[in-house]
Amino acid sequence: MTNYFRSNIDLMPAYTPSEQIEPSAKIIKLNSNENPYPPSPTVMEVLRNFDGELLRRYPNAFAQEFRQAASQALGVPVDWIITGNGSDELLSVVMRVCAEPGRKVVYPVPTYVLYRTLTQMQAAESVEIPYSEDYRLPLEELIAVNGSVTFIASPNSPSGHMVPIDDLRKLATHLSGILAIDEAYVDFAEENALDLTQEFENVISLRTLSKGYSLAGVRLGFAITNPKLLSALYKVKDSYNVDAIACAVGVAAMNDQAYKNACIEKIKASRTKLAIELKQLGFRVWDSQTNFLLVQPREVNAEELFQRLKERKILVRYFQQPRLDDKLRITIGTNEQNQFLVQTLVSLIK
């Protein structure tokens with residue numbers, strides 16, 4: 001049989017996303033860290049009145065209107081922003097620019113498993129450095145590897161913890177390669193690493209509208225870094241990677257920070273309440289600055305509990321991998337969804 005593929009592609013496993021369901025399904029979906037609240041009303045208004053003529057034409061190759069809206073919302077120069085088909089595409093762009101056979105890509109684990117997949121796609125070397133049990137950043141070990149790219153998710157998934165800014169600053173100071181700070185969940189956190197992009201030439205911050213802005217279905221992300229780094233990223237991005245609809249709704253979402261912030265505050269309050277209730281049920285619950293909780297059931301097997309919840313039409317995330325196979329990741333839902341989850345757990349573990 002003819003082998004059509006590169007040897008590293010033949011050998012690598014495919015990335016496995018979280019389980020998706022039909023919107024009409026009668027299931028409480030707490031497995032993908034989606035925002036439980038709808039997008040801004042201004043976003044919905046844009047969709048209702050979208051000009052069909054814009055579908056006939058190619059979109060702006062740089063999503064310029066969105067870059068301007070993001071620039072105004074975050075207080076960074078327009079020419080420091082690049083847009084992507086979700087932040088996942090921008091992670092891939094960084095990898096295509098910096099990673100190749102003989103180069104090292106380093107990140108602490110457990111973390112977002114796509115970093116491993118992207119490294120394997122480039123046939124580069126993955127260096128995975130374990131987090132400590134308390135999720136303290138393995139700073140000296142990361143510095144010692146000095147990868148061509150170092151990925152740090154902050155806040156991290158699936159742990160939910162925030163990496164201290166001083167640790168990120170020290171890392172950026174000592175690395176000769178790129179420090180890519182994946183801030184997908186930053187809207188739910190108490191601080192961010194945006195200032196480091198101004199402070200260091202080798203730092204890039206990656207953001208998404210999937211989480212805080214309730215736009216996971218649109219696929220729109222962006223990154224902030226200096227024009228020197230952006231000039232290389234633009235060489236490898238797709239020509240028209242952000243479509244006209246995504247750009248238009250992204251502008252509306254960015255311009256309605258008040259709505260986004262109100263939803264964030266509701267989610268953070270629900271996160272606190274759910275964490276307390278799960279602890280009362282005997283779960284170990286890690287502190288979180290995201291829209292999910294990493295929890296460890298003490299009285300029942302985690303995989304079994306995952307399956308039993310699924311039978312009762314509640315989806316949470318189970319990872320069959322070391323250090324996570326005794327835990328569950330639970331997205332924060334609405335208060336009603338969270339309460340139904342808690343009531344179901346009471347019936348399952350009593």
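The values are calculated or read from the model by the stated rules, or taken from the named source; none is laboratory data. No experiment lies behind these values; they were computed from the predicted model shown. A quick note on method: Cβ atoms are made from the backbone with ideal geometry, for glycine too, and the neighbour counts reach across all protein chains shown. The accessibility values were calculated without ligands, DNA or RNA, using every heavy atom of the protein model including side chains. Shrake-Rupley method; radii C 1.70, N 1.55, O 1.52, S 1.80 Å.
In the chain, which longest range has no GluC sites (Glu not before Pro) that are both DSSP loop (not H, G, I, E or B) and surrounded by at most 10 other Cβ atoms within 10 Å? Intermediate results must be reported in sequence, preceding the final value.
On the way: sites that count: E133, E190.
By the stated rule (loop sites, at most 10 other Cβ atoms within 10 Å), 191-350.
Would you rank S32, S231, S132 by solvent-accessible area, highest first, keeping every protein chain in place and using a 1.4 Å probe? Show your work: numbers first, answer last.
Details: S32 20, S231 65, S132 45 Å².
Per-residue accessible area, sorted high to low, gives S231, S132, S32.
Rounded to the nearest 500, what is the 222 nm mean residue ellipticity of the chain from helices alone, with -39500 (n - 2.57) per DSSP H run of 4+ residues and division by all residues?
Mean residue ellipticity at 222 nm (helix-derived): -12000 deg cm²/dmol.
Taking +1 at the Cβ of each Lys and Arg and -1 at the Cβ of each Asp and Glu, which of L30, A223, V78 sits farthest along the dipole of the chain towards its positive end, judged by Cα position relative to the Cα centre?
Positive-end residue among those listed: L30.
What list of ³J(HN,Hα) values in whole Hz, one per residue of segment 290-304 in order, does the Karplus curve 6.51 cos²θ - 1.76 cosθ + 1.60 (θ = phi - 60°) give from phi, with Gly and Pro shown as x?
So the J values, rounded to whole Hz, are 10, 9, 8, 10, 9, 10, 10, x, 9, 9, 8, 5, 4, 5, 5.
For segment 124-201, run through the trypsin sites (Lys or Arg not before Pro) and keep only the ones in DSSP coil with at most 14 other Cβ atoms within 10 Å of their Cβ.
Counting only loop positions with at most 14 other Cβ atoms within 10 Å, the trypsin sites (Lys or Arg not before Pro) in segment 124-201 are R136.
Between E304 and I27, what length in nm is gained on full extension when 0.36 nm per residue of separation is reduced by their alpha carbon distance?
That pair, E304 and I27, stretches by 97.9 nm at full extension.
With a 1.4 Å probe and every protein chain left in place, tell me how much accessible area Y131 has, in Å² to the nearest 10.
10 Å²
Working out 0.36 nm times the residue gap between Q64 and D238, then minus their Cα-Cα distance, what length gain in nm do you get to one decimal?
Full-extension gain reported as 61.1 nm.
Relative contact order (percent) for the chain, with alpha-carbon contacts under 8 angstrom and 6 or more residues of separation?
Across the chain, relative contact order equals 23 percent.
With all protein chains present, how much of the accessible area of segment 41-255 (probe radius 1.4 Å) comes from carbon and sulfur, to the nearest whole percent? Can you show the working numbers first?
Values: 4380 of 8770 Å².
Answer for segment 41-255: carbon and sulfur cover 50 percent of the accessible area.
Where nothing but the Cβ of Lys and Arg (+1) and of Asp and Glu (-1) is charged, how large is the charge dipole of segment 41-255 around its Cα centre, in debye to the nearest 20? Provide the component values of the computation, followed by the final result.
On the way: 17 positive and 26 negative charges, 136 e Å.
Dipole magnitude for segment 41-255 comes out near 660 debye.
Just to confirm the filter: which chymotrypsin sites (Phe, Trp or Tyr not before Pro) across segment 150-253 are DSSP coil and have at most 15 other Cβ within 10 angstrom of their Cβ?
Those satisfying the criteria are Y240.
Among the listed pairs K211/K327; K26/K313; K29/K310; K104/K327; K211/K268; K211/K266, which are separated by more than 18 Å between their Cα atoms?
K211/K327; K104/K327
What accessible area, in Å² to the nearest ten, does a 1.4 Å probe give for C98?
Here the accessible area works out near 20 Å².
Per residue of segment 10-16, in order, report the coupling 6.51 cos²θ - 1.76 cosθ + 1.60 (Karplus, θ = phi - 60°) as ³J(HN,Hα) in whole Hz, putting x for Gly and Pro.
4, 7, 7, x, 6, 5, 10
For segment 204-350, report the accessible area per residue in Å² (1.4 Å probe, heavy atoms, rounded to an integer). Provide the component values of the computation, followed by the final result.
On the way: 6260 Å² over 147 residues.
That works out to 43 Å² for each residue.
I276: accessible area at probe 1.4 Å, nearest 10 Å²?
Probe radius 1.4 Å; accessible area of I276 about 90 Å².
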